[in-house]
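Trainee: Below are the structure tokens for one structure; questions will follow.
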Amino acid sequence: MGKSPEEFGVEREQRVRDAIALRLPDRVPIVPMFQFFPAFYAGITPYEAMYHYEKAFMAWKKTILDFEPDLYAGPAVFRSGPVLETLDCKQLRWPGHGIDPHHSYQFVEAEYMPAEEYDEFIENPSDWIIRRYMPRIYGALKPFQNLPGILDQFYYYGAPSAGLATMGTPEVQEAFQSLLKAARESFKWVSGLASFVQEMKKLGFSPMFFIATYAPFDLIGDNFRGTRGMMLDMYRRPDKLLAAIEKTTGLTIQMATRRAVAGGIPIIFIPLHKGAEGFMSLDQFETFYWPSLRKLILGICDAGLIPYVYTEGSYTSRLEFLQNVPRGKVMYHFERVDMRRAKEILRDVACITGNVPNSLLISGSPDQVKDYCKKLIDTAGEGGGFVMDAAACIDEAKPENIRAMMDLTREYGIYRR
Amino acid sequence: MADLKENESLVLVIELIQRGSDPVGILEDARSAIELVEDRFEKCEYFIPDLMMASEILKGISEIVRPFLRKADARGKRRKVIIGTVADRKSVV
């Protein structure tokens, strides 16, 4: 009797777990980090993918069944257009809202936290986020800037204080209504995602991760201070920056571990942005970027979860730092790196993935893709500890090139029968 | 300035101005420092944050020096330089 789809699903998951744990799997696993590729492949626009959930699910189902990745990223990467619109999100431009319907969303970085607010953030991050940050990034929540601090609002010896009345003003009421509307829409989106996951599980396919967190430096740099702010802070206020990073480290660990469900997917996604080569010196990486990131990695490992550290940009000079993590517990994704050197340094420490150039997947030929993947398997895949993937999230790509990457890995990446 | 010591650079410029140094000469020195920074960037000793810091220091020096510049000190032909980024990817082909 042949295997059931669920049995194939268990096999696929085990293959990836083995690669991460540095046990030799049957073959090199393939987990392409699709982003908007499933939309283009299935013939829908990114706009439709963000606004019509059933189309988003259809596109992912078609992509997964046609290409059969060992794990998949999933429709959550599309985000929900209606939720963003209800909140009047300022931090993104997306198809139908500042971007034409045929392109994916873009992050709008800005200095949402002036340097003078570091102390406020460090002292009480939640308060700063609700009353300063949310009003700046979500237009619908601007009235929250009028709220006093939480203790001033709610409580004085058993009874709500006069501050509670601030929540009764028409503007704040409207802000809460928007939040409720967004939450209801989000519930619809997330329920759809949950059904999708269940359906795909029965067909033998599991998601790569549900939970993502940030490198502590990036949480502040990407979202609050912006690139320019962060770069200058390293010179002008290094102690303040380090204090904020220390505070943020605990938060990023909580983000990763608090929502993890027993028996669920143990992989935690961590995209890395501001520590790449060119964006800071090696000294600055060692002082500002790595120590807190390492604490996050260890915190995730201690909770029995697997950090999936998704480096972006070039990281060859930083490889020696990445070595300093528990063996067989971490997966590192690379964009532009000397993969031979990465294997040399990380062979006995961590699983590596990525590096197939997106430009090749977009404009190369299937033979060129196969050639590249073959060389990658020979260097990075030797002895296990490797998962095939592209250098960066996949939006545009020729389907035949994705097929070439999958086929080559399945045929050539065999370790044992 | 090329070592990116912001406070020391600005304090030095203020002292020089108070002592009556030629403001144009100060700006010329600042420009040479920028060239040194660019050189270090090309050699991969400096990175983007360093370029950014250098330009901040130059801005600071220019702000201190500007009130002391006379119109006559402006040398050479004045040209307009426009710096920008691409707003719409589609229009660049």
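The values are calculated or read from the model by the stated rules, or taken from the named source; none is laboratory data. Because the structure is a prediction, the values reported are computed rather than measured. Backbone-built Cβ (ideal geometry, glycine too); neighbour counts: all protein chains shown. Each accessible area value is taken on the protein alone, full model and side chains, heavy atoms only, with ligands, DNA and RNA left out. Shrake-Rupley method; radii C 1.70, N 1.55, O 1.52, S 1.80 Å.
Trainee: Got a sec? What order do A:V108, A:V369 fall in by accessible area at 1.4 Å, biggest, i.e. largest, first?
Mentor: A:V108, A:V369
Trainee: Another one. Which percent, nearest 5, of DSSP beta bridges in the protein assembly as shown are antiparallel? Please list the in-between numbers first.
Mentor: On the way: 6 of 31 bridges.
Taking every DSSP beta bridge within the protein assembly as shown, about 20 percent pair in antiparallel fashion.
Trainee: Pop out the carbon and sulfur fraction of the accessible area of segment A:326-417 as a percent, whole number, probe 1.4 Å.
Mentor: 48
Trainee: Please compute, over every Cα-Cα pair in the protein assembly as shown, the percentage with a separation greater than 38 angstrom.
Mentor: 37
Trainee: Taking a quarter of the surface of the Cα convex hull of segment A:183-224, what do you get in nm²?
Mentor: Mean projected area of the Cα convex hull: 4.1 nm².
Trainee: Note down the nm distance, to one decimal, between modelled labels 7 Å out along Cα→Cβ at A:S314 and at A:E111.
Mentor: 2.9
Trainee: State the answer as a single residue: which of A:P143, A:G299, A:Q284 lies farthest towards the positive end of the charge dipole of the protein assembly as shown, with beta carbon charges of +1 for Lys and Arg and -1 for Asp and Glu, about the Cα centre.
Mentor: Toward the positive end, the furthest listed residue is A:P143.
Trainee: Taking 0.36 nm per intervening residue step and subtracting the Cα-Cα distance, what contour gain separates B:K80 from B:I14 on full extension?
Mentor: So the extension gain works out to 20.9 nm.
Trainee: For A:R132, A:R27, B:R40, write out the residues from largest to smallest accessible area, computed with a 1.4 angstrom probe and no ligands counted.
Mentor: A:R132, B:R40, A:R27
Trainee: Moving to a separate point now. Taking a probe of 1.4 angstrom, what is the accessible area of A:T169 in Å², to the nearest 10?
Mentor: Estimated to the nearest 10 Å², A:T169 gives 50 Å².
Trainee: What is the average number of partner chain Cβ atoms found within 10 Å of a Cβ in A:232-245?
Mentor: That works out to 2 on average.
Trainee: How many Å² of accessible area per residue for segment A:184-246, probe 1.4 Å?
Mentor: Heavy-atom SASA per residue in segment A:184-246 reads 42 Å².
Trainee: Let me ask something else about it. Hey, got the average number of other protein chain Cβ atoms within 10 angstrom for residues in A:280-288?
Mentor: Mean shielding by partner chains, rounded to a whole number: 2.
Trainee: I've got another one for you. Which ³J(HN,Hα) values, rounded to whole Hz and listed in residue order, are derived for segment A:94-110 from phi using the Karplus coefficients 6.51, -1.76 and 1.60 in 6.51 cos²θ - 1.76 cosθ + 1.60 with θ = phi - 60°, glycine and proline given as x?
Mentor: Calculated HN-Hα couplings, in order: 9, x, x, 8, x, 10, 6, x, 9, 10, 7, 6, 10, 8, 9, 7, 7 Hz.
Trainee: Please give the charge dipole size of segment A:63-218, origin at the Cα centre, charges +1 on K and R Cβ atoms and -1 on D and E Cβ atoms. Round to the nearest 20 debye.
Mentor: Working: 12 positive and 20 negative charges, 123 e Å.
Charge dipole of segment A:63-218: 600 debye, to the nearest 20.
Trainee: Calculate the all-directions average of the projected area of segment A:136-260's alpha-carbon convex hull, and give it in nm².
Mentor: So the Cα hull casts an average projection of 11.6 nm².
Trainee: With a point put 7 Å past each Cα toward its Cβ, work out how far A:D283 is from A:I99 in nm, to one decimal.
Mentor: Once both label points are built, they end up 3.8 nm from each other.
Trainee: Per residue of segment A:30-46, in order, report the coupling 6.51 cos²θ - 1.76 cosθ + 1.60 (Karplus, θ = phi - 60°) as ³J(HN,Hα) in whole Hz, putting x for Gly and Pro.
Mentor: Result, rounded to whole Hz: 10, 10, x, 7, 5, 10, 8, 3, x, 5, 4, 4, 8, x, 10, 7, x.
Trainee: Would you mind checking which residues have amide H under 5 Å from A:G354's amide H? H placed 1.01 Å from N; only 5 or more apart, or other chain.
Mentor: Amide H neighbours of A:G354: A:F334, A:V387, A:D389.
Trainee: What quantity of accessible surface, computed with a 1.4 Å probe and excluding non-protein components, is buried in total between chains A and B, in Å² to the nearest 100?
Mentor: So the buried area, both faces added, is about 1100 Å².
Trainee: Something else: Based on the Cβ-Cβ distance of B:F68 and A:R236, what FRET efficiency does E = 1/(1 + (r/R0)^6) give at R0 = 30 Å, to the nearest 0.05? List each step's numbers first, then the result.
Mentor: Values: r = 26 Å, r/R0 = 0.86.
It comes to 0.70.
Trainee: Excluding ligands and nucleic acids, what accessible area in Å² is computed for A:R225 using a 1.4 Å probe, to the nearest 10?
Mentor: 10
Trainee: Give me the lysines in straight-line cross-link reach of A:K398: C-alpha distance below 16 Å, same-chain residues under 8 apart excluded.
Mentor: List returned: A:K62, A:K370.
Trainee: Another question about this same structure. At 1.4 Å probe size, put A:D338, A:D152 in order of accessible surface, largest to smallest.
Mentor: A:D152, A:D338
Trainee: On the full set of protein chains, 1.4 Å probe, figure out the accessible area of A:H273 and give it in Å² to the nearest 10.
Mentor: Counting only protein heavy atoms, the figure is 70 Å².
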